[in-house]
1. Given q = 0.18, 0.19, 0.20 Å⁻¹, what are the Debye log10 I(q)/I(0) values for segment B:123-275, with equal point scatterers placed on the Cα positions and solvent ignored?
2. Under the √(5λ) rule applied to the eigenvalues of the Cα gyration tensor, what semi-axes describe the equivalent ellipsoid of chain B? Give them in Å, descending.
3. So how strong a dipole does the protein assembly as shown carry about its Cα centre when Lys and Arg Cβ are +1 and Asp and Glu Cβ are -1, to the nearest 20 debye?
4. Too long at a 22 Å Cα-Cα cut-off: which of A:K83/A:K320; A:K194/A:K271; A:K194/A:K353; A:K83/A:K194; A:K83/A:K353?
5. Per residue and in cubic angstrom, what volume does the convex hull of the Cα atoms of segment B:268-343 have?
6. Computed over the Cα atoms of segment B:188-284, what is the convex hull's projected area averaged over all directions, in nm²?
7. Kirkwood Rh, segment B:40-122, all Cα pairs: how many Å?
8. Starting from a Cα-only point model with no solvent, please compute log10 I(q)/I(0) by Debye for segment A:240-335 at q = 0.17, 0.18, 0.21 1/Å.
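Just so it is clear, none of the values below were taken in a lab; they were calculated from the coordinates. Computed from a prediction, not measured in an experiment: that's the story for all the values here. Cβ coordinates were reconstructed from backbone atoms using ideal geometry, including for glycine residues, and neighbour counts include every protein chain displayed.
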Amino acid sequence: MTETTDAMLSQPGGANVLPGPPGESMLVEVRGEGELSTQDMTLNIGPQHPATHGVLRIVIDLDGERIARATPVIGYMHRGFEKLAEARDYRQIIALVNRHDWLSSFCNEMGVVLAVERMMELEVPERADWIRVLMCEWTRILNHLMFVGSFGLELGAITPVFFAFREREDIQHLMESATGGRLHFTYNRVGGLKEDLPRGFLAASEQMVRNVRMRAQEYRDLLQGNEIFIARTRDVGVLDPQTAVSYGVTGPPLHATGVGEDSRVTEPYSKYGSINVPVPVGTNGDSYDRFMILVDRIDASLDIIEQVLGSIPSGPVNVKLPKVVKAPEGAIYVRTENPLGQGGYYLVSDGRKNPWRLKMRTPSFNNIAMVPHLLEGALLSDMIAVLGSVFFVVGDVDR
Amino acid sequence: MESLASTGLLWLDLLLKVVAVVGFFLVVPLVAGYIEHKGLAHMQDRLGPMEAMPHGVGQLIADGIKFIQKEDIIPDAADRWVFALAPGVALVPAIVILTVVPLGPGVFAENLDVGIFFALAVSSVSVIGLLMAGWASANKYSLMGGLRAAAQLIAYELPLVLGAAAVVLQAETLSLVGIVEQQFAFTAFGIPVPYAVPHAIGLALFFVAALAELNRPPFDMPIADSELIAGHMTEYTGLRYAFFMLTEYAGMVVLAALATVLFLGGWYIWPGIAYPAGWPVWLTAIVATGVSVGKIMTLVFLMVWLRATFPRLREDQLQRMSWLVMIPLGLFNIIVIAIAKVVA
């Protein structure tokens, strides 16, 4: 190295060597009178990094603290769910699909179950349909609480996450009483539900709605009016509606841009057609709006739950089916509004007990696709505000 | 005023002072750490440490024992000597400042004529430790953390000094003991008040700048855990890492102690209220030290409270706040104080 160094140093106007980190010196080109042309530094954020909550890797070219280019590298959590589904029957797939996005398990189950039911032209009992909507909304609240808490945490506000987990714990207790699971509920079945709700579930839900509504105010108090929070998130990572649509962005990040596309409203499934589904939308499409949409969506889900609680009829929750469920030959595409955005389930069946192909369109995958666009020219600290407010689950990206 | 540890024997004096300063240094930051653990926990609706001794009082001691047992890893690419020295360089200034901070009448190691100047000068040495750690770790996150820390220090040293300079102007002395005595005799329109009243702006500047200098939230971007993992501490393990943690808590105590001396009346409960003259010296010293430590811990609690409440600022916002808001405000404060001083 010394030889090259000397050679370069002696070269007038040529490249010079600055002492770099120990063991490797930094080559710089000296131009004009002592002007340094700096080199971009490549920084690997992840796959293990606190801001990527999971194993997402982002390769960032840094000019000082400014991001010149950001490239997400995905696939660290690819678990081959789609391929695995081809070797499992429809009963087993339910336990499979609630795992790729572990924060929206019930909503994921819904998509597959709906696809099979529509292919089989099954009529699901009224009560089961209503309970599905109820469970979907509780799952949505669980999911949003998680992100509300973690977003604050990433920005350095360490308190909201504890409040969010307090509520999450209560709701998970409730869900556990009905489904037996805290994360992977596996409560759906083709043709209905695993079993009926336990006694007292509806009364407990009602109580919980009141609790969460009251406590959701605490997140607003802590963050909404906080000067620093506003300074960190306002006009950071602004997404305009056209770009959002062209990237296929859905869910809260899309709603924040002012586009209120929500398949619970535009293409209602289950019982969403017969209730009023509020869809909060933002105006700026910045990180602040994305966050506030999430808090508003908690309230919206609570409204839906209240409507559902008043209209659950009694009756069976399942239909009698043959031991081996077989979807007839054909293909179907089902859209559901998952907590993080639009979930799509393309099911192709050749008439046997397992699908010929199950393609999942997951919201996190499309939402993460716009990250390079949002990060270009932002500061390294903004990366946190952007990544935290895109709301993704790495398992949902990689499947 | 002479230090209580003055026996006339040079070496004995020195020994007593070193033992007292190091003892204080090892005990009080742990109390500050405990306040942080428990304060944060209760603000966040949880219990905090509960296992090590009743109510987790011994948690930090347990942590210390754990840190000692950990392997001391020095990365291959690291600059060994610089890497190993950095935690010490960061830690020592905190101890050195303690030698001039008066906690009670005679409860100090040295009464320097230029006490406040000495304290502020030494306090900025600690950033060299952070820069050394950032550079020697051979880690990009560490490097960025170190650079952020240095930039932050340059920006916030000024408001800190400006806040203190106004007090010096008022008290007409640089000696910390002298400032406390002057403050004791201070009256605003005939009412005895601590300097915090006329120097409200100065106190605010000093406190905010102290937070920034200590890398405490909301100014903790040099160690922003969600961006830079742990900044300059990323590659450290075991005892060396513990040294950095201790630096943070000791720094909290030291700067809170300086704020107490400069603005909150030091060891007196309130200016104008003296300790009974009939008390023996040791009793006055103990009570006065208690009052000082009480004030220090109140400020430490305030720092913890801010941590529980605020998210982190962005690096450029932090710089803007210092250069465009705090420094002009500090200069304005000095002008106002100077005019008031001359007129009065």
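1. -0.96, -1.02, -1.10
2. Numbers: eigenvalues 217, 124, 76 Å².
Whole-Å semi-axes of the equivalent ellipsoid: 33, 25, 20.
3. Numbers: 55 positive and 73 negative charges, 413 e Å.
For the protein assembly as shown, the charge dipole is close to 1980 debye.
4. Long pairs (Cα-Cα over 22 Å): A:K83/A:K320; A:K83/A:K194.
5. Taking the convex hull of the Cα positions in segment B:268-343, it is 144 Å³ per residue.
6. Numbers: hull surface 36.1 nm².
Orientation-averaged projected area of the Cα hull: 9.0 nm².
7. On the way: mean 1/r = 0.0591 Å⁻¹.
Its Kirkwood hydrodynamic radius stands at 16.9 Å.
8. -0.87, -0.92, -1.06
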